[in-house]
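Encoded as structure tokens, the structure appears first; notes follow it.
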Amino acid sequence: THFGFETIDESQKESKVAGVFSSVASSYDTMNDLMSLGIHRLWKDHFVRGLNPGGHTPGAPQQGWHILDIAGGSGDIAFRMLDHATNINHDRNTHVTISDINPDMLAEGRKRAAQSPYARTGRLDFIEANAENLHMIPDDSIDLYTVSFGIRNFTHKDMALREAYRVLKPGGVFACLEFSKVRNPLFDFVYKRWSFAAIPLIGQVVAGDRDSYQYLVESIDRFPSQTEWRDMIKDAGFLIPGAQDGKGWEDLTDGIAAVHKGVKP
Ligand code: SAM
């Protein structure tokens, strides 16, 4: 049996999600590699390169960005941001706050931080928070808000978007990397067969946890399409770069994942 997420009401979602991520925390990185055949690393590299932290981006400070990585989990995006700022843009002042609702995922991130070049540099910190309520973060204080493979788990995505808008400085960027809808119908068929059959099985064999991985596959299927998600970001008040050509997002691997961005006016 699995969680039957189709039938649970929204009030239960948060505690179910908490259970899933506590259960997968220690195997999370290995499982990501197995399930995506390593491709999630390429998507994350591409996502970070496109944001160019610490670089010459119109509207952003030249160096010393304050980045908020929401649902930052084990730090996959945060470390890439700091590496990019440091190694590509020679910026040692950019700072990342990793925020996650789950203490077990944060513990994995802290473990990795302690072994990274950023330990004791003051360039990385952690907060435990629900993305729907970031009251500890002041208005207009963040240059870049990132959320990677996190937002589909939020109960109230509109509230998270509102908080993102509030904490960003004018000109600040909201950037989301998330699973999306595959464009090619044949590829979509193969991909759905793979994900619905293989991912829960890999979860069972490798992590001893079929239910959590069943949930992950279902949550991907239920997340809005590229267009719907872009419109939700727009409705929260963001300007959508590239929206004038009818798009306003970037598909990765034929839409298995997509990057959406919004700029706070
Ligand atoms: N960003 C990382 C990455 O790209 O590998 C981790 C993604 S992981 C699939 C999803 C994360 O979202 C988990 O760490 C989970 O605890 C977090 N999460 C789920 N619901 C949340 C919420 N309402 N607020 C903040 N974080 C949440």
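Where a number appears in this text, it was derived from the coordinates with a stated rule and is not lab data. Given the structure is predicted, the values throughout are model-derived calculations rather than measurements. Virtual Cβ from ideal backbone geometry, glycine too; neighbours counted across all protein chains shown.
Projected onto their three principal axes, the Cα atoms of the stretch 82-127 cover extents of 32, 18, 15 Å, largest first.
Sort Tyr145, Tyr215 by Cβ crowding within 10 Å, fewest neighbours at the top.
Values: Tyr145 28, Tyr215 25.
If I rank by nearby Cβ atoms, fewest first, I get Tyr215, Tyr145.
Length gained on full extension, Arg92 to Ala243, computed as 0.36 nm times the residue gap minus the Cα-Cα distance: 51.0 nm.
If the chain between Asp45 and His135 were fully stretched, how many nm would it gain, using 0.36 nm times the residue separation less the Cα-Cα distance?
Answer, rounded to one decimal: 29.4 nm.
Footprinting exposure proxy ranking of Glu250, Glu228, fewest other C-beta atoms within 10 angstrom first, gives Glu228, Glu250. Set against the 2.2 N^0.38 Å expectation for a compact globular protein, the stretch 70-189 has a Cα radius of gyration ratio of 1.14.
Note on the chain: antiparallel DSSP beta bridges, both residues inside, total approximately 40 percent of the bridges counted. Backbone phi angles across the stretch 92-106, fed through the Karplus curve with coefficients 6.51, -1.76 and 1.60 (θ = phi - 60°), yield HN-Hα couplings of 9, 9, 5, 10, 10, 9, 8, 10, 8, 7, 10, x, 6, 5, 4 Hz in residue order; Gly and Pro are listed as x.
In straight-distance terms, cross-link reach from Lys157 covers every one of the lysines whose alpha-carbon lies under 21 Å from its own, apart from those fewer than eight places away in the same chain; here that gives Lys13, Lys16, Lys169, Lys181, Lys234, Lys247, Lys261, Lys264.
List Phe196, Phe179 from most exposed to least, where exposure is judged by having the fewest other Cβ atoms within 10 Å. Working shown, then result.
On the way: Phe196 15, Phe179 22.
Listing Phe196, Phe179 from fewest to most nearby Cβ atoms yields Phe196, Phe179.
Could you order peptides 147-160, 19-32 by the average number of other Cβ atoms within 10 Å of their residues, highest first? Provide the component values of the computation, followed by the final result.
Values: 147-160: 20.2, 19-32: 18.1.
Descending packing order for the listed peptides: 147-160, 19-32.
Using DSSP to call loops (not H, G, I, E or B), can you name the trypsin sites (Lys or Arg not before Pro) in the stretch 163-265 whose Cβ has at most 15 other Cβ atoms within 10 angstrom? Let's see the in-between values first.
On the way: sites: Arg166, Lys181, Arg183, Lys192, Arg193, Arg210, Arg222, Arg230, Lys234, Lys247, Lys261; in loops: Lys181, Arg183, Lys247.
Loop-located and lightly packed - Arg183, Lys247.
Each Cα pair under 8 Å and six or more residues apart adds its separation to the average, and for the chain the resulting relative contact order is 19 percent.
In this simple spin-label model, placing a label point 7 Å from the Cα along the Cα-to-Cβ direction at both Gln204 and Thr121 gives a separation of 4.4 nm.
Between Thr30 and Asp221, the FRET efficiency estimated from the beta carbon spacing at R0 = 25 angstrom works out to 0.60. Charge tally around Asn102: other residues with Cβ under 13 Å, Lys/Arg +1 each, Asp/Glu -1 each, net -3.
At what distance in angstrom do the alpha carbon centres of the stretch 164-224 and the stretch 42-56 lie from each other? Going from one Cα centre to the other spans 21 Å.
Hey, any idea what the orientation-averaged projected area of the convex hull of the stretch 183-265's Cα atoms comes to, in nm²? Before the final figure, lay out each step's value.
Values: hull surface 26.2 nm².
Computed as one quarter of the Cα hull surface, the answer is 6.5 nm².
Solvent-free Debye calculation, one equal scatterer per alpha-carbon of the chain: log10 I(q)/I(0) at 0.09, 0.11 Å⁻¹ equals -0.38, -0.59.
Gain on full extension, evaluated as 0.36 nm per residue between Glu228 and Asp188 minus their Cα-Cα distance, stands at 12.6 nm.
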